[in-house]
Structures are given as C-alpha cells and as structure tokens.
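Scroll down for the structure; my scribbles are underneath it.
The values are calculated or read from the model by the stated rules, or taken from the named source; none is laboratory data. Please read all numbers here as calculations on a predicted model, not as lab measurements. Cβ placement follows ideal geometry from the backbone for every residue including glycine, while neighbour counts extend to all protein chains displayed.
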Amino acid sequence: MRPSEAPIPLFEKARELYAIARLKFKTTYDKTRLECFIHSLFQDIEEYNRYLLTYSHKSLYESKVFEIGFGPRPYRLLALIGLGIEAWGIDLDIPVLEGTIGQWLELLKKNGLERFLKSFFRFYLFDLKERKELEKSLKMKKGAFTIPKERLWVGDAAELELPCSSFDLIFSEDVFEHIPKERLEILVAKMGLWLKPGGLALIRPMVYTGIAGGHLAEWFPGNISSGLISKKSEPWEHLRKNRFQPNTYLNKLWRKDYRFLFSKHFLILEEKVKYPALGQEWLTEEIKKELSCYPEEELLSNNVLFVLQKPRTG
C-alpha cells in the first residue's frame, strides 16, 4: 500500500484518523462487536473452504495457502495457521508482532514516523485486546494462537519469485485497490504461475466506483447508515466533487477493469458482491443523472469477491 500521491492537509488527516479511531473503540471495546469481528474472520475461512471444495474438490485443511497483503493486523493469516493450515503471506509493511523495542525501531526506520505512530497506538489500544479474543476463539476450535514470523514475509508481492504450482489457494482482502495498475498486471500474471492447475484465487478488492470506494471513513460499509460519524462529504464524493482525499493510495480501478485484468490469466467463476445494496438508499435520481457515465453495477459494487481458477490444462 502506498500513501496518497496528493498532499493531504493535516486537519483532514486528523479528521480521518479520529473517525477511524472512534470506529475501532466501538468495535474493540464492545464485547459483542469484538466477538462478531473475530467471528467474521472464521466466516471468511469457512467461505474459502467451501469454494475450494466446490471448484477444486480439495479441503482448505489439506491445501497450501498464500495471502497477499496481510496488513498490520494479520489475524486472518494467523487464524489459518492456528488451525493447522499450511499458510504464508506477504505485505509491503512490517507488521508489529510482539511489540519489542527492536521491532518498533525497525518499523520506524522502514515505514516512517506517521505509520509508526499509527501502528504504536493501534497495537496497545486495540491489537492486544483483539489478539486475546482471537486466541480464545482458536482454543474453542482446538487450534492454537502462534506467530510464526517465518511465514509472514515483508516485501512487494509483484517482485516475489516463487516456484510454479506452489499453492492451492491465493487470497487477498481489501488490498488490490491499493496496488498501482502496472504492478497489478505483473502480480496477477505471477499468481497464475504460483497456483497449481485447478487452484483458486479469491480476490476481494474495494471497487473504486462503489460508494465506499473513495476510502473515506464516513462511507465505510459499517458507517453508511450509522449515526456514529457525521458526514461532511456527499455520497460518491470521490466520483463527484472530490473535495476530500483518503490518506492512502488508490488505483481507481472499476469492477470492469478487474474483470478484464483477471480474465487474461484465469477463468472467472463467480463475482460476488459482499453488500449488494450498499449505497442504494443514497442513489437518488439526481445522483444517478450526475453519475450517468457509471453503470449502476459499478455504483453498487463496493467489495466484490472474484473467484478465479487457474485452467487445469493449457
């Protein structure tokens, strides 16, 4: 993930960080919400297993798995490993795993002061509590919480060299929208080499043209109908007035762009929209007219799971 290429005023950065922090407090320090958050990770894992059984006729628990972009909180990957699944992952930024002085100094040197501060406060305010809940859930599932650092790689996935046919499953959640298109083209081609014939890639980006695609906290999926955060921007702000910038790089790809990119190397078995009606209540006739160059499929896409399969032959 790269920072936004446009300079963002300090006030706007602070406003976004405050909005995100409020959400995190609400999720992490509300027991029910925290349990739901951890439960959703295992729902994702069950979903991966269903797709593998359906299309590859192989269980997740006998598969080799690779995650692209595990992020600063690699809970999904750690949950897979904790369940005994052979899983690895890569991310561009250094994750904070134990919170040792050495890790903090390494993170500061590589990722810069702003990301260091965000990671530092997130780790002590939220991460430790979330990890404890994940550990409890894994024990209930006869698993164990471990942090095998050798399985969490740091680097650019597009520059990674791996043996052909290494994995049965490659997955990525909310990452591909942050990768420049030219790097994505390299990465997707490599994914086609890394997968075994018949293997699956489950890729779920936040599509830019959806109401949440601008990555402003007030339009995150959980906030669209919530009164927790007051909205200073308008629906589909990023496609209309574009007055506010997120503090992250976005490649601005449409759903059709991902479809075209993936079809070069994979069979597209399914496209599943996570929140099919997300934004529908805000899509007035006036906004439809203003955004008439965008098909309604694009405006209501948001999180889209692309179920991709490497051809078994040829």
**OP:** Give me the pairs, please: first residue somewhere in the stretch 50-79 and on the phi > 0 side of the Ramachandran plot and in contact (Cβ under 8 Å) with a residue 12 or more places away in the chain, second residue anywhere and part of a loop (DSSP other than H, G, I, E, B) and buried (at least 18 other Cβ atoms within 10 Å of the Cβ), beta-carbon distance under 6 Å, and either six or more positions apart or on two chains.
**Re:** G69/V175
Original post:
Does S137 satisfy the condition of being surrounded by 14 or more Cβ atoms within 10 Å (Cβ to Cβ), among the small types (G, A, S) and farther than 30 Å from V273 by Cβ?
Top reply: no
**OP:** Determine which single condition S165 fails, assuming it passes every other condition in (1) part of a loop (DSSP other than H, G, I, E, B); (2) among the polar types (S, T, N, Q); (3) at pLDDT below 95.
**Re:** (3)
**OP:** Mind counting the residues in the stretch 36-67 that are over 16 Å from L195 (Cβ atoms) and of a type in the set (F, W, Y)?
**Re:** 3
Original post:
What helices (runs of 4 or more DSSP H) lie completely within the stretch 206-310 and have 3 or more residues being surrounded by fewer than 18 Cβ atoms within 10 Å (Cβ to Cβ) and not polar (S, T, N, Q)?
Top reply: 255-263, 285-290
Subject >> Condition check for E98: among the acidic types (D, E) and either within 21 Å of F176 (Cβ to Cβ) or assigned to a helix (DSSP H, G or I) (or both) >> reply: no
Subject >> Which numbered condition Y124 fails, given (1) touching a Lys or Arg at 6+ places or on another chain (Cβ under 8 Å); (2) among the hydroxyl-bearing types (S, T, Y); (3) not in a strand (DSSP E or B) >> reply: (1)
**OP:** Filter the stretch 154-186 for residues that are within 12 Å of F66 (Cβ to Cβ) and buried (at least 18 other Cβ atoms within 10 Å of the Cβ) and give the result.
**Re:** A157, F167, D168, L169, I170, F171, S172
Subject >> Hey, R50 assigned to a helix (DSSP H, G or I) and basic (K, R) or not >> reply: yes
**OP:** Being of a type in the set (G, A, S) and farther than 19 Å from G69 by Cβ is the filter; apply it to the stretch 83-127 and report the residue that is modelled with the highest pLDDT.
**Re:** G84
**OP:** Can you give me the number of residues within the stretch 62-96 that are surrounded by fewer than 16 Cβ atoms within 10 Å (Cβ to Cβ) and either farther than 21 Å from C164 by Cα or touching a helix residue (DSSP H, G or I) at 6+ places or on another chain (Cβ under 6 Å) (or both)?
**Re:** 1
